[in-house]
Structure formats: structure tokens, C-alpha cells
1. For the chain, with a Gaussian network of springs between Cα atoms less than 10 Å apart, report the residue from 45, 84, 37 with the top mean-square fluctuation.
2. For a label point 7 Å from the Cα of residue 91 along Cα→C-beta, name the residues of region 1-18 whose backbone N is under 20 Å from it.
3. So for 19, 11, fewest C-beta neighbours within 10 Å to most, what's the order?
4. Please rank 89, 95, 82, fewest neighbouring Cβ atoms within 10 Å first, as an exposure proxy.
5. Please report the relative contact order for the chain, taking Cα pairs under 8 Å with a sequence separation of at least 6, and give it as a percent rounded to a whole number.
6. Relative to a virtual label point 7 Å from the Cα of residue 66 in the Cα→beta-carbon direction, which members of region 3-41 show backbone nitrogen distances below 20 Å?
7. Are there GluC sites (Glu not before Pro) in region 1-68 that DSSP marks as loop and that have at most 12 other Cβ atoms within 10 Å, and which are they?
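Nothing in this text is a laboratory measurement; each read-out follows from the coordinates by a stated rule. What you see is a predicted model; the values in this text were computed from it and never measured. Note that we place each Cβ from the backbone using ideal geometry, even for glycine, and neighbour counts take in every protein chain shown.
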Amino acid sequence: MFSHVVIFWTDPANPNATDELIAGMEKYLRPIPGVLTIHFGRMVTSPRPVVEQSYQAALNLVFADKKAQDEYQVHPLHVEFVNTVLKKVVKKIVVYDFE
């Protein structure tokens, strides 16, 4: 298994940025073949100080292996998502990949 976790900080100047990002994930990322599971959504607040709460949205993808994740990265729908949605509404991302 290969997990690809992406944390997003959206543009604070755009009040609809998080909604646009999540809609883009649904439209462009969900249909990509090779993804075993996909889960995305908004940050959830917590009273626990160890919980990171400065971001607005996150994406968690699981693939069979790194090769499948590499193919996902260059898939035309992923490239379109990056160019038409992510670059428009996101100011910062952090990625965690692990097997």
C-alpha cells in the first residue's frame, strides 16, 4: 500500500476557495484509475493541542503501490486539477507519502 496525504492552505482572500478546492477534487481526482481509496474534506477543529488546525482542507489517497501513485501524478485529470483548481485557490501545500 502507498498513502499520499496532501494538506492544503487555501487563499484567505477568496472566501470560496475551500469549496472550490473540494469540488475540484470530486470532479477531477475521484475518477482517476488506480486510486484504491480517496477521502477529502475540511479541517476539523479539536481542543487537543497536538492537532494541527491551521489548514483548511486535506486529501488522503491510497494506492496499491508507488508505481500507481506515480501514474496518478501524470494522469491528465490530475494535471488539469493542478492547473485549473489548485493553482487558483491554494497558497500552500504539504505532502506526506508513505508505504
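1. 45
2. Counting only backbone N, you get 6-18.
3. Exposure proxy ranking, most exposed first: 19, 11.
4. Arranged by neighbour count, lowest to highest, 89, 95, 82 become 95, 82, 89.
5. Over the chain, the number comes to 51 percent.
6. From region 3-41, the list is 3-6, 34-37.
7. 52
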